[in-house]
Structures are given as C-alpha cells and as structure tokens.
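**Q** Following this message is one structure expressed as structure tokens.
The values are calculated or read from the model by the stated rules, or taken from the named source; none is laboratory data. Note that this is a predicted model, so its numbers are computed, not measured. Here the Cβ positions follow ideal geometry from the backbone for every residue, glycine too, while neighbour counts run over all protein chains shown.
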Amino acid sequence: MNKVLLAALSGQRVDPVPIWLMRQAGRYLPEYRALRAKAGSFLDLCYTPELAIEATMQPIRRFGFDAAILFSDILVVPDGLGQKVEFREGDGPILKGLRSGSSVDGFSIDRMIEHLQPVYAAVKGLRRELPKETALIGFAGAPWTVATYMVEGRGGSDHAETRRFAYREPEIFAGLISLLIEATLAHLSAQIEAGVEVVQIFDSWAGSLPEQEFRAYALEPARRIVAELHRKYPAVRVIAFPRGAGAMLPVYARECAADAVSLDSSVPTGWAAAAIQDRGQCVQGNLDPAVLVAGGDPLFVAADRILGAFAHGPHVFNLGHGILPETPLKHVAQLIERVREARSA
Ligand code: 1CP
C-alpha cells in the first residue's frame, strides 16, 4: 500500500506518522480567503466543482499533507434533503428549524443525491488532480450532529432544544435519525463511488448526550453506518469522530467498529492507547488547535507527547478539532516537520 494514511487506517504502525488536519482547507489560508471572496457564497463554493477542487488542493500544494479532505460541509445533507441552508457572514449556518410536531415526510434522499451531483463531480476531478501518494477523504456529519442543526436552525453549544425534542417526541425524533442514517449512507456511498478512499463521520456534538441517548442517537447510528459501508465497500476505511464522548469512548470504539477513532483534545492519550489502540484499532488526533495557534515550545512539547503516547501502534496525527482561522501558517509547517522528523523508538 503506497498511501501511508490507508496503511495506518488498516491497522499498521507507520513511521513517520501520517498527518492531515481537520478543516485544513479554510480561512487560515490567504488563498482560501481569496477564493471565497471570488465565489460569492459559501454554498456556491461547495457546489461549483472547480472551486471545491481548488479549495481542497490549496493545503495539499502548500503543505503536502498525507491526505486531502473534500471541500464541502456537513450541512449539504439537510440542504439537499429540502431544508434550505444559508451561511451568513459572521453568523454561521441558518436553517428553518424543525418545529415540534414537524414531520420528516417531505424530505427526499433521491432529490438530495440529485442536488449533490456537483459534490461528487468534485471528487472525480480530485482523483485526477491529487498526487498519487495523497489519500482522498470524504465525509458526512453523523445523524445526531446534523439533527441538532435541523432542529435548532443554527449552530449552538448545548443543543437543549434538540434534546427536548427527542424526549418529548421520541417517535418523530427517531424518524429523523433513521432518515439521517439513510441519507448519510447514500451521501457517503456516492462519494465512495466517485472515488474517495476514506470517509470520516463527524459527530461534533456527541458530547451533549447522556448515556442512554448517546447509545441511541450517536453509537447505534454510527454502528449501522459503519457496518453497511464495510459490507458494501470492504476496501474503504472509516474514521469516526465522536467529539466529547468522554468515558463512553471505549464502548463506542469497540461497538461502532470504525477503522479509526478520532480523539478530541480532552481525551487522555495513555488511556486511549490502552483502551483503543492496543486492541489494534487506529487512533487519530489529538493536538489542541489552540496550541497550534500559540506555537513555540508548547507546540513542540504537546506534539511530542502525542507522538510518544501513540508510538506503539496505528496512529494518524491530527488536531482534536478543526484548525482555528487565526492559526499562523508557519506553525502548521513546523508541526508537519516535527511529525515527519520524529523517529519512534
Ligand atoms: O465562510 C466560510 O468560509 C465558511 C467557513 C466554513 C468552512 C471552511 C464552514 C461553515 N464549513 C467549512 C468547510 C468544512 N466544514 C469542511 C471542509 C474540509 C476541511 O476540513 O478542510 C468540513 C470537514 C466541515 C465539517 C463541519 N461543518 C462540521 C464538523 C467538523 C467540526 O468542525 O466540528 C461542522 C459542525 C460544520 C458546520 C459548520 N459549517 C460552517 C461553520 C461555521 C460550521 C459550524 C457552525 C457552528 O458553530 O455550529
């Protein structure tokens, strides 16, 4: 296998450790800001294959990461299903939130796949353009995380409205989660058929769920999505990112059975090495995005600690969450150099 990311995700210890960064395309890059200004709206950027290809390629050209992640967004799924999404400057995404008693009957997965054809066209173009050693990652939001935006109508941090909805109208909410499992599978399958080799499932808001709801709305949907992808596409590798899962992480890793688990920065590395990596499952992460902004000794110390903790098994170096827009380019270059120069024992 000549792509180091695929080797690590297949359970091999790879030296030097493969590296890519969540949200590596985006606002910290001056060339992205210029492209974004030219595109007009954020969704125009996502739905114009040449522009999405260019945004995906920018961090690869500048830094030579081991993987490219398709430039798109988790909210193209509700947008395609028929719940229109708008991105307002400075405000983040705005949707017309689902109200109590709303039905999901009007949403159509066929219409979504039709609407998202430009996304799949971008994947095809990327496979032609990427260097042969660079893996291509596709992605989707996990059902729970996408549901929080569909219910609240915007970004937020505690998702109380979505949890209230789930407690008060469990049947309607379960219907929404089922629809999102199917929509996620259809969207990831279409990306795979267009040429992505790896998919990441972002459950960015898994941390707002109590145990039983975590099992029902985060773990069980992930388990179903991973099982079906493995059945249909045995060569494709799946990374799951249950951000904030805390003490539920080992159960999640074992039961959802993704090829790799992406760890947020709060996860103790020694604990994750023992609970997840020692069982042969790859771990990804988990540098604090803020230390990459700070730079200097704290950055090198933190990166070395992570490399040391995960040196004995399969590991993909990454951040614990997306790169921050204020991150200096120089620090990104220094981090990559540090990871590539590290020699594990
Ligand atoms: O104005 C702009 O340029 C928009 C900023 C932006 C960007 C660059 C948004 C809006 N989305 C993206 C791209 C994006 N989003 C990628 C591209 C590939 C890459 O990683 O380089 C990916 C993987 C995402 C995934 C995404 N979108 C997540 C999951 C990962 C995470 O960070 O937790 C989430 C929660 C979103 C929703 C979203 N889209 C955009 C914003 C500002 C948000 C967050 C809204 C909130 O605060 O809740």
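**Q** Restricting to region 64-87, what's the tally of residues that are over 26 Å from E152 (Cβ atoms) and touching a Phe, Trp or Tyr at 6+ places or on another chain (Cβ under 9 Å)? Explain how you work it out, then say what you get.
**A** At the first step, the residues of region 64-87 found to be over 26 Å from E152 (Cβ atoms) are 64-68.
Remaining after also requiring touching a Phe, Trp or Tyr at 6+ places or on another chain (Cβ under 9 Å): 65-68.
Of the residues in region 64-87, 4 are over 26 Å from E152 (Cβ atoms) and touching a Phe, Trp or Tyr at 6+ places or on another chain (Cβ under 9 Å).
**Q** Here is a list: I113, I109, I69, I94. Which entry is modelled with pLDDT of 95 or more and within 11 Å of the ligand (Cβ to nearest atom)? Explain how you work it out, then say what you get.
**A** On the way: I113 fails: within 11 Å of the ligand (Cβ to nearest atom); I109 fails: within 11 Å of the ligand (Cβ to nearest atom); I94 fails: modelled with pLDDT of 95 or more.
It is I69.
**Q** Take residues that are of a type in the set (A, V, I, L, M) and at pLDDT 95 or above and tell me which of the strands (runs of 3 or more DSSP E) falling wholly in region 171-263 contain 3 or more.
**A** Details: elements: 198-203, 237-242, 260-262.
Once the strands (runs of 3 or more DSSP E) in region 171-263 are filtered for at least 3 residues that are of a type in the set (A, V, I, L, M) and at pLDDT 95 or above, what remains is 198-203, 237-242.
**Q** Also, quick follow-up: Of all residues in region 18-49 being charged (D, E, K, R) and either farther than 19 Å from L126 by Cβ or within 12 Å of the ligand (Cβ to nearest atom) (or both), which is surrounded by the fewest Cβ atoms within 10 Å (Cβ to Cβ)?
**A** Initial filter on region 18-49 (charged (D, E, K, R)): 23, 27, 31, 33, 36, 38, 44.
Filter once more, keeping what is either farther than 19 Å from L126 by Cβ or within 12 Å of the ligand (Cβ to nearest atom) (or both): 23, 27, 33, 36, 38, 44.
On the way: R23: 17, R27: 14, R33: 13, R36: 18, K38: 11, D44: 14.
Looking at residues that are charged (D, E, K, R) and either farther than 19 Å from L126 by Cβ or within 12 Å of the ligand (Cβ to nearest atom) (or both), I get K38.
**Q** Filter region 4-17 for residues that are more than 16 Å from the ligand (Cβ to nearest atom) and surrounded by 24 or more Cβ atoms within 10 Å (Cβ to Cβ); which is nearest to the chain's Cα centre (by Cα)? Lay out the reasoning, then the answer.
**A** Filtering region 4-17 down to residues more than 16 Å from the ligand (Cβ to nearest atom) leaves 4, 6-17.
Among the residues that remain, those that are also surrounded by 24 or more Cβ atoms within 10 Å (Cβ to Cβ) are: 8-9.
Values: A8: 17, L9: 15 Å.
Applying the filter and picking the extreme gives L9.
**Q** I'd like to know if region 158-180 contains one or more residues that are within 12 Å of the ligand (Cβ to nearest atom), surrounded by fewer than 18 Cβ atoms within 10 Å (Cβ to Cβ) and more than 18 Å from the chain's Cα centre (by Cα).
**A** Yes, region 158-180 has at least one match.
**Q** Looking at A206, A222, A260, A253, which one is touching a Ser or Thr at 6+ places or on another chain (Cβ under 9 Å), crowded, with 23+ Cβ neighbours inside 10 Å and within 22 Å of E182 (Cα to Cα)? Let's see the steps before the verdict.
**A** Values: A222 fails: touching a Ser or Thr at 6+ places or on another chain (Cβ under 9 Å); A260 fails: touching a Ser or Thr at 6+ places or on another chain (Cβ under 9 Å); A253 fails: touching a Ser or Thr at 6+ places or on another chain (Cβ under 9 Å).
None of the others qualify; the one that does is A206.
**Q** Let me spell it out: the conditions are (1) in contact (Cβ under 8 Å) with a residue 40 or more places away in the chain; (2) part of a loop (DSSP other than H, G, I, E, B), and D105 meets all of them except one. Which number is the exception?
**A** With respect to (1) in contact (Cβ under 8 Å) with a residue 40 or more places away in the chain; (2) part of a loop (DSSP other than H, G, I, E, B), D105 is out only on (1).
**Q** Filter region 116-147 for residues that are out of contact with any strand residue (DSSP E or B) (no Cβ under 7 Å at 6 or more places or on another chain), within 15 Å of the ligand (Cβ to nearest atom), of a type in the set (A, V, I, L, M) and part of a helix (DSSP H, G or I) and give the result.
**A** Those that are out of contact with any strand residue (DSSP E or B) (no Cβ under 7 Å at 6 or more places or on another chain), within 15 Å of the ligand (Cβ to nearest atom), of a type in the set (A, V, I, L, M) and part of a helix (DSSP H, G or I): V119, A122, V146, A147.
**Q** Considering (1) in a helix (DSSP H, G or I); (2) touching a residue at least 24 places away in the same chain (Cβ under 8 Å); (3) charged (D, E, K, R), say which one D158 fails and leave the rest.
**A** (1) is the only condition that D158 fails.
**Q** Still on this structure: For region 112-152, give me each residue that is farther than 30 Å from R164 by Cα and of a type in the set (G, A, S). Outline the logic, then answer.
**A** Pass one, region 112-152, residues farther than 30 Å from R164 by Cα: 113-138.
Selection gives A121, A122, G125, A135, G138.
**Q** Could you please find all residues in region 185-194 being out of contact with any Asp or Glu (no Cβ under 8 Å at 6 or more places or on another chain), surrounded by 14 or more Cβ atoms within 10 Å (Cβ to Cβ) and within 12 Å of I113 (Cβ to Cβ)? Let's see the steps before the verdict.
**A** So the first thing to find is which residues in region 185-194 are out of contact with any Asp or Glu (no Cβ under 8 Å at 6 or more places or on another chain), and the list is 186-194.
Then keep just the ones that are surrounded by 14 or more Cβ atoms within 10 Å (Cβ to Cβ); that gives 186-192, 194.
Matches in region 185-194: A186, H187, L188, S189, A190, Q191, A194.
**Q** Still on this structure, please answer the following. Working only within region 192-227, note down all residues that are within 14 Å of the ligand (Cβ to nearest atom) and polar (S, T, N, Q).
**A** Across region 192-227, the qualifying residues are Q200, S204, S208.
**Q** Identify the single condition in (1) more than 26 Å from D158 (Cβ to Cβ); (2) of a type outside the set (S, T, N, Q); (3) in contact with a His (Cβ under 9 Å, 6 or more places away or on another chain); (4) in contact (Cβ under 8 Å) with a residue 40 or more places away in the chain that D264 does not satisfy, given that it satisfies every other one.
**A** (1)
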